[in-house]
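Engineer: Have a look at the structure that comes next, please.
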Amino acid sequence: MDKTSKIYVAGHTGLVGSAIMRKLESEGYTNIITRTFEELDLTDQKATREFFEKARPEYIFLAAAKVGGIQANSVYPADFIYINLMIECNVIKASHEFGVKKLLFLGSSCIYPKMAPQPIKEEYLLSGYLEETNEPYALAKISGLKMCQYFNKQYGTNFISVMPTNLYGPNDNFDLNTSHVLPALIRKFHEAKINNAPYVEIWGTGTPRREFLFVDDLADACLFLMKNYSGNDFFNIGTGEDVTIRELAELIGEVVGYNGELKFDTSKPDGTPRKLLDVSRIHKIGWRHKTELKKGLRTTYEYYIRATRMV
Ligand code: GFB
């Protein structure tokens, strides 16, 4: 991939896509193409084909997806499976048809079985049943990764995949109904501090464990793989360390500067008890994360403050 190669970042306004944009721009890539949802609906096969025919991208980061936290996944299961499958089918097929040199597909750590041994190795894929709240999303992401491998096998394409752990950072979704836990808690703690609220409500029991990766580190890993890896393996991307939701809440309370109580609402689902990734495969080829959780939380909180001031 040269600095002038034509690179399409699908999903460039989202958490992951915008981090990939920042990374590419900071490294001097000058020929990046993007389309907003209004300009191109990737679930529309005809529109997607026409875009590829005209734009002829050489490299693709496929970060366009319908994503959300535990509640959004439970409430909109049909949307999560349909939209993600359609995007994957259309973009992967068109990439093959129009001779894309290399594509990187973004999956998720929720592809692994609910009760997978920890830390989770890539080999554990499809070794058990999935966690019910995110099965539709996981099935779509498993299909995307398999589709990349099968296109490589049958047509000799160069489509690779990454499976990141729970991500966070600038441009995250802070809507309390649809967001993931980390941005939700930043908002809840910030609002509790401003309103002098006596407690913050946390969903579930606080005991599930999650691993969190700062999204700029993921973008770094994506570019690293785009430059350095071709083959049919896929890669877990994470830090190799996890915390309980209670520990995360305490850490966010500290960063935000809120000293009230934590109240656990156990009528809300916990989801997977633990999903810590084994990251030895990506470590072996020379990549590891740089941003520790506390530093990433500070950066994300600063972003949240700036973003809310702009509204
Ligand atoms: O981040 P999250 O929504 O999704 O929730 P998953 C993680 C844990 O945090 C769950 C708890 O145990 C939640 O009950 N939690 C506590 C909260 N307070 C809150 C809150 O205010 N908001 C939210 N959202 N959670 C998602 C999948 O699973 O992870 C997706 O549903 C995707 O498909 C993503 O894979 C990475 O980590 O459980």
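The values are calculated or read from the model by the stated rules, or taken from the named source; none is laboratory data. What you see is a predicted model, and the numbers here were worked out from it, not measured in a lab. FYI the Cβ positions are ideal-geometry reconstructions off the backbone, even for glycines, and counts take in every protein chain you see. The accessibility values were calculated without ligands, DNA or RNA, using every heavy atom of the protein model including side chains. Shrake-Rupley method; radii C 1.70, N 1.55, O 1.52, S 1.80 Å.
Engineer: For segment 276-311, which positions are of a type in the set (A, V, I, L, M, F, W, C) and either at pLDDT 95 or above or surrounded by 12 or more Cβ atoms within 10 Å (Cβ to Cβ) (or both)?
Structural biologist: Residues satisfying the conditions are LEU276, LEU277, VAL279, ILE282, ILE285, TRP287, LEU293, LEU297, ILE305, ALA307.
Engineer: Of all residues being assigned to a loop (DSSP other than H, G, I, E, B) and open to solvent by 10 Å² or more (accessible area, probe 1.4 Å) in segment 180-207, which is farthest from the ligand (Cβ to nearest atom)? Just the residue, please.
Structural biologist: ASN196
Engineer: Still on this structure: What are the pairs, 6+ residues apart or on separate chains, where a residue within segment 39-67 that is touching a residue at least 24 places away in the same chain (Cβ under 8 Å) has its Cβ under 7 Å from a residue that is in a helix (DSSP H, G or I) and among the hydroxyl-bearing types (Ser, Thr, Tyr)?
Structural biologist: Listed by first residue and then by second, the contacts come to LEU42/THR48; ILE60/SER95.
One line per residue, one yes/no per condition, for (1) open to solvent by 40 Å² or more (accessible area, probe 1.4 Å); (2) within 15 Å of the ligand (Cβ to nearest atom):
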| position | (1), (2) |
| --- | --- |
| LEU106 | no, yes |
| PRO113 | no, yes |
| GLU122 | no, no |
| GLU131 | no, yes |
| GLU135 | yes, yes |
| SER143 | yes, yes |
| GLN149 | no, no |
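Engineer: Does ASN236 fit the bill of being surrounded by fewer than 20 Cβ atoms within 10 Å (Cβ to Cβ) and more than 10 Å from the ligand (Cβ to nearest atom)?
Structural biologist: no
Engineer: So which of GLY271, GLY253 ends up being part of a loop (DSSP other than H, G, I, E, B), over 23 Å from PHE159 (Cβ atoms) and open to solvent by less than 50 Å² (accessible area, probe 1.4 Å)?
Structural biologist: Just one listed residue meets the conditions, GLY271.
Engineer: Please count how many residues of segment 36-84 are in a helix (DSSP H, G or I), away from the ligand (no atom under 14 Å from the Cβ) and crowded, with 16+ Cβ neighbours inside 10 Å.
Structural biologist: Number satisfying all stated conditions: 3.
Engineer: Out of (1) within 9 Å of the ligand (Cβ to nearest atom); (2) outside any helix (DSSP H, G or I), what's the single condition that is false for ASP172?
Structural biologist: Failed condition: (1).
Engineer: Would you check if PHE212 is closer than 30 Å to ILE7 by Cα, aromatic (Phe, Trp, Tyr) and touching a residue at least 12 places away in the same chain (Cβ under 8 Å)?
Structural biologist: Yes; evaluated as a whole, the condition is true for this residue.
Engineer: Which residues, counting only those in segment 151-169, are more than 11 Å from the ligand (Cβ to nearest atom) and among the polar types (S, T, N, Q)?
Structural biologist: ASN152, GLN154, THR157, ASN158, SER161
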